[in-house]
Amino acid sequence: MDWGMKNRFSRILNSKTGRCLMLAVDHGYFQGPTTGLENLGKMVNPILPYSDALMITRGALRTWIPAETDKPVVLRMSGGQSILKELSNEIITTSVQDAIRVNASAITCSVYVGGEYEKETIGNLAHLVNEGEHYGIPVLAVTAVGKEMVRDARYLGLACRICVEIGARMVKTYYCENFEKVVEACGKVPVVIAGGKKIEEKAALEMASNAIRSGAVGVDMGRNVFQSENPVGMIRAVRAIVHENVSVSEAYKIYQSRS
């Protein structure tokens, strides 16, 4: 890994803990103005200071996020379909040159192992990896579940390992039982978990805690933060789990706090 790649990684992973809390707000590229992100800037900017990185599209970044922000950007590079169509039918929508223009610290796309367009999405990842290696930008692969796939260690281990073999420098996937097997399948490539659909706050905190204890380097959470009744409290609670190893009960008290 050359200096540029290492430098960009160092912006995403906290230098003291080696972990990261990403804030995912790229949902609009296929969901439109989803609940909580109708006005993306109004929601995101108050909670952004508590994150380590921001996963977002280039359009949302330029429209709602002040250029003065010092948070590293993980730029969503794939899309091309909506929730009304087959989700795996993605293309690469953004050039690496544009990623460089917005000073992205990493780039990302989804890979639908088991989906109808599995081959095409793996090809998207391969293209981004080739470009990322050329320019010194790490690629985060998002393992998206096909319609008939079960979120268990066997499937997620398969999907994540394929992403690692193609050359992803980081993998984002779902938490499951025996998650340590998924982490093991990725070798030295760091794994972050997706927050997924909105669930009860304490359950989301338990999921984050279990993932960290099972070997994940961090959490990339979106809906479980911005759709929470207390978004600032929730992201502070998740941050305490990721970087301070607090218990779920302690984190839940942080969530409940309005200060």
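For first residues located in segment 237-254 and over 18 Å from C20 (Cα atoms), partners that are of a type in the set (K, R) and lie 6+ apart or on another chain with Cβ distances below 7 Å form the pairs Y252/K202; I254/R236. Among residues that are loosely packed, with under 15 Cβ neighbours inside 10 Å, at pLDDT 95 or above, of a type in the set (G, A, S) and out of contact with any His (no Cβ under 9 Å at 6 or more places or on another chain), S95 is included. Looking across L61, L23, L87, one residue alone is touching a residue at least 24 places away in the same chain (Cβ under 8 Å) and closer than 20 Å to V217 by Cα. It is L23.
Okay, residues lined up against (1) in a helix (DSSP H, G or I); (2) free of Cβ contacts under 8 Å to residues at least 60 places away in the same chain; (3) surrounded by 16 or more Cβ atoms within 10 Å (Cβ to Cβ):
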| position | (1), (2), (3) |
| --- | --- |
| K181 | yes, yes, yes |
| V189 | no, yes, yes |
| V192 | no, no, yes |
| I199 | no, yes, no |
| A204 | yes, yes, yes |
| A208 | yes, yes, yes |
| A211 | yes, yes, yes |
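When the residues of segment 51-86 are filtered to those that are surrounded by 14 or more Cβ atoms within 10 Å (Cβ to Cβ) and in contact with a Phe, Trp or Tyr (Cβ under 7 Å, 6 or more places away or on another chain), which remaining residue is nearest to G28 (Cα to Cα)? The qualifying residue nearest to G28 (Cα to Cα) is T57.
When you check I100 against the structure, is it modelled with pLDDT of 95 or more, of a type outside the set (S, T, N, Q), surrounded by 16 or more Cβ atoms within 10 Å (Cβ to Cβ) and out of contact with any Leu (no Cβ under 6 Å at 6 or more places or on another chain), yes or no? Reasoning before the result, please.
On the way: modelled with pLDDT of 95 or more: yes; of a type outside the set (S, T, N, Q): yes; surrounded by 16 or more Cβ atoms within 10 Å (Cβ to Cβ): no; out of contact with any Leu (no Cβ under 6 Å at 6 or more places or on another chain): yes.
In short, no.
Is it the case that some residue within segment 143-155 is in a helix (DSSP H, G or I), among the hydroxyl-bearing types (S, T, Y) and crowded, with 16+ Cβ neighbours inside 10 Å? Checking segment 143-155: at least one residue is in a helix (DSSP H, G or I), among the hydroxyl-bearing types (S, T, Y) and crowded, with 16+ Cβ neighbours inside 10 Å.
Which one of these is within 26 Å of L75 (Cβ to Cβ) and assigned to a loop (DSSP other than H, G, I, E, B): I162, I137?
Result of the check over I162, I137: I137.
A Cβ distance below 9 Å, combined with a sequence gap of six or more or placement on separate chains, defines the contacts here; from segment 1-12, residues that are closer than 9 Å to S105 by Cα reach residues that are modelled with pLDDT of 95 or more and assigned to a helix (DSSP H, G or I) in the pairs M5/G132; M5/E133.
Is there a residue being farther than 30 Å from E206 by Cα, of a type in the set (D, E) and not in a loop (DSSP other than H, G, I, E, B) anywhere in segment 80-95? Looking through segment 80-95, none of the residues is farther than 30 Å from E206 by Cα, of a type in the set (D, E) and not in a loop (DSSP other than H, G, I, E, B).
Can you say whether V113 is part of a loop (DSSP other than H, G, I, E, B), β-branched (V, I, T), surrounded by 21 or more Cβ atoms within 10 Å (Cβ to Cβ) and within 19 Å of the chain's Cα centre (by Cα), as far as the supplied structure shows? Steps first, please.
Working: part of a loop (DSSP other than H, G, I, E, B): yes; β-branched (V, I, T): yes; surrounded by 21 or more Cβ atoms within 10 Å (Cβ to Cβ): yes; within 19 Å of the chain's Cα centre (by Cα): yes.
So V113 fits the description; yes.
The values are calculated or read from the model by the stated rules, or taken from the named source; none is laboratory data. What you see is a predicted model; the values in this text were computed from it and never measured. Backbone-built Cβ (ideal geometry, glycine too); neighbour counts: all protein chains shown.
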